[in-house]
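The values are calculated or read from the model by the stated rules, or taken from the named source; none is laboratory data. None of these values were measured; they are calculated from a predicted model. FYI the Cβ positions are ideal-geometry reconstructions off the backbone, even for glycines, and counts take in every protein chain you see.
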Amino acid sequence: MKRSLILLASIFLLISCKNDEKSSAKNDRILSDSSGNINQLTVVIDNTLWEGEIGEAIRSNFAAPVDGLPQEEPLFSLSQIPPETFTGFVRNSRIFLKIEEGGNKGMDLFKDEFARPQTGFVIQGSDSEEIIEVINKESDSIVKILKRTELTEKQRRIRKSLKKDDALSEKFGVNLKFPSAYRYAKEEEHFSWIRKEIPKGSMEILVYEVPLNKIENDSSVIANIIKMRDSIGEAQIPGRLEGSYMITEKAYAPYLFETTIDGKFAYETRGTWEVQNDFMAGPFVNYAIKDEKNERFVILEGFVFSPSRGKRDNIFELDAILQSAKID
């Protein structure tokens, strides 16, 4: 009996070692760098399925409009290819979604399977109905994971050419990682405005702070954030015409979410800005980060002015910068 137990333990140890070796071997594989534009999702699916109900389900979930943009732009730019061409360098796509008809109903997540960094999902089902059911059920979680992959990649690219900056740290105790293409447009004791020029427009970052009761009091949070933004716009962000200044769009209330930045609770607001007494508008994202230690909200905002052009990727870059914040 004792000899049998020793033999059984030896077998388990051998299997465990082999599994560890396989896991280590996978992690140690030499993989190519992944490729692809930010927010470009490769969809591996048979052409016939792509043109049918499954393709429509994919488009409605993964090319749905981004919240807070003035014109409709998709969550991801979809690039469809049939399974037989998903070989060689094509498999280096940083994010991909693969549809397999005929298997057991479900979804699998793959990390760094063909390249690094890479996130891929395989959705299976015995027929179209099962596949569509999985897509509709899991799309929110898939989008969240893919967006996190893209945000991490964007931040990695930003780190390649960082601007050396101590001003925000000295003034607000805030460290932001932003590219050297950004310049200070305005600096005051309690307010900083940073800008990047782009073709026919600009990308802007605002940093300031307000007392805790400016946002959290007896009134609604979203109403307080709008009031705060509009007062800053009137005081600090003039328009082209005399008496014009930036405000929150009046026609539609912005989206409000709760999130965390640098481990701290934050209100995330997304919507459209406009200019009082002028015809200018664009998207913004605002983070009000609760810094209880210093009894304040740190306000980080990014907004874009780029008439008649797509703004999804501009806002995404600003988002990547703002979410890199570290607060002392």
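If you check E249, E274, E209, which single one turns out to be closer than 19 Å to K326 by Cα, buried (at least 16 other Cβ atoms within 10 Å of the Cβ) and touching a residue at least 12 places away in the same chain (Cβ under 8 Å)?
That would be E209, the only listed residue that is closer than 19 Å to K326 by Cα, buried (at least 16 other Cβ atoms within 10 Å of the Cβ) and touching a residue at least 12 places away in the same chain (Cβ under 8 Å).
Tell me whether the stretch 66-89 contains one or more residues that are modelled with pLDDT of 95 or more, of a type in the set (S, T, N, Q) and surrounded by fewer than 14 Cβ atoms within 10 Å (Cβ to Cβ).
Checking the stretch 66-89: at least one residue is modelled with pLDDT of 95 or more, of a type in the set (S, T, N, Q) and surrounded by fewer than 14 Cβ atoms within 10 Å (Cβ to Cβ).
What about T259, is it among the polar types (S, T, N, Q) and surrounded by fewer than 18 Cβ atoms within 10 Å (Cβ to Cβ)? Before you say what the answer is, go through the steps one by one.
Numbers: among the polar types (S, T, N, Q): yes; surrounded by fewer than 18 Cβ atoms within 10 Å (Cβ to Cβ): yes.
So T259 passes the test.
So Q124 passes all but one of these: (1) within 19 Å of the chain's Cα centre (by Cα); (2) crowded, with 17+ Cβ neighbours inside 10 Å. Which condition number does it fail?
(1)
I'm trying to understand the selection: among the residues of the stretch 250-307, which are over 22 Å from L176 (Cα atoms) and among the small types (G, A, S)?
Answer for the stretch 250-307, where residues must be over 22 Å from L176 (Cα atoms) and among the small types (G, A, S): A251, A253, G271, A281, G282, S306.
Residues in the stretch 57-64: is at least one crowded, with 16+ Cβ neighbours inside 10 Å, touching an Asp or Glu at 6+ places or on another chain (Cβ under 7 Å), under 27 Å from S306 (Cβ atoms) and modelled with pLDDT of 95 or more?
Checked the stretch 57-64: no residue is crowded, with 16+ Cβ neighbours inside 10 Å, touching an Asp or Glu at 6+ places or on another chain (Cβ under 7 Å), under 27 Å from S306 (Cβ atoms) and modelled with pLDDT of 95 or more.
Name the residue that is nearest to the chain's Cα centre (by Cα), counting only residues in the stretch 25-81 that are of a type in the set (S, T, Y) and in a strand (DSSP E or B).
S77
Would you point out which residue out of V298, V285 is in contact with a Lys or Arg (Cβ under 6 Å, 6 or more places away or on another chain) and of a type in the set (A, V, I, L, M)?
When all the criteria are applied, what remains is V285.
Is it the case, given these coordinates, that I95 is within 25 Å of D112 (Cβ to Cβ), surrounded by fewer than 19 Cβ atoms within 10 Å (Cβ to Cβ), among the aliphatic types (A, V, I, L, M) and not assigned by TED's automatic domain parsing to the domain that holds G310?
no
Quick one: count up the residues across the stretch 305-328 that are assigned to a strand (DSSP E or B) and either within 23 Å of F172 (Cα to Cα) or touching an Asp or Glu at 6+ places or on another chain (Cβ under 7 Å) (or both). Outline the logic, then answer.
At the first step, the residues of the stretch 305-328 found to be assigned to a strand (DSSP E or B) are 305, 326-327.
Filter once more, keeping what is either within 23 Å of F172 (Cα to Cα) or touching an Asp or Glu at 6+ places or on another chain (Cβ under 7 Å) (or both): 326-327.
Count: 2.
The rows are residues; the columns are (1) among the charged types (D, E, K, R); (2) free of Cβ contacts under 8 Å to residues at least 40 places away in the same chain.
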position	(1), (2)
D166	yes, yes
K177	yes, no
S180	no, yes
Y184	no, yes
H190	no, yes
G201	no, no
A223	no, yes
